[in-house]
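Asker: The structure under discussion is supplied below as structure tokens; questions concerning it will follow.
FYI, it's all coordinate maths here, none of it is from the lab. These numbers come from a predicted model, not from an experiment. Cβ sites come from the backbone with ideal geometry, for glycine too, and all protein chains shown count toward neighbours.
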Amino acid sequence: VPMGVLSCMKYLMFVFNVLVFAGGTCLVGVGVWVAVDPAGFQDIVAAKPVLSAGAYLLLAVGIALTLLGFLGCCGALRRSRPLLLV
């Protein structure tokens, strides 16, 4: 495999993992917003009983995506196969 292709793959993996990291961070932000100020979020969404469970679900998924995105970025930059497999 030519060196240019490997370099391109490295940067594509990095960009993809940065997007996953950013998405996870956004989910954490929305989850914290809903958990801290459910009244402000109830104006947008009418379902009240789902809000508390949904907030913690958003937090859990957001934290997991943020962690996976960070590990993927580190793996792409260091060309570490175990970090990319996580």
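Asker: Over what distance in Å are the Cα centres of region 61-86 and region 7-40 separated?
Answerer: 13 Å
Asker: Cα axis of helix 3-36 to longest principal axis of the chain: angle in degrees, 0 to 90, nearest 10?
Answerer: The angle comes out at about 10 degrees.
Asker: Where does each of 70-79, 30-39 land if you order them by average Cβ count within 10 Å, highest first?
Answerer: Ranked from most to least packed, the peptides come out as 70-79, 30-39.
Asker: Here is a follow-up. Can you work out the Karplus-derived ³J(HN,Hα) for every residue in region 69-86? Use 6.51 cos²θ - 1.76 cosθ + 1.60 with θ = phi - 60°, whole Hz, and x for glycine or proline.
Answerer: My calculation for region 69-86 gives x, 5, 5, x, 5, 4, x, 5, 5, 8, 6, 9, 5, x, 5, 6, 6, 5 Hz in order.
Asker: (1) 5.6; (2) 10.5; (3) 6.4: which one is mean projected area of the Cα convex hull in nm² as calculated from this entry?
Answerer: (3)
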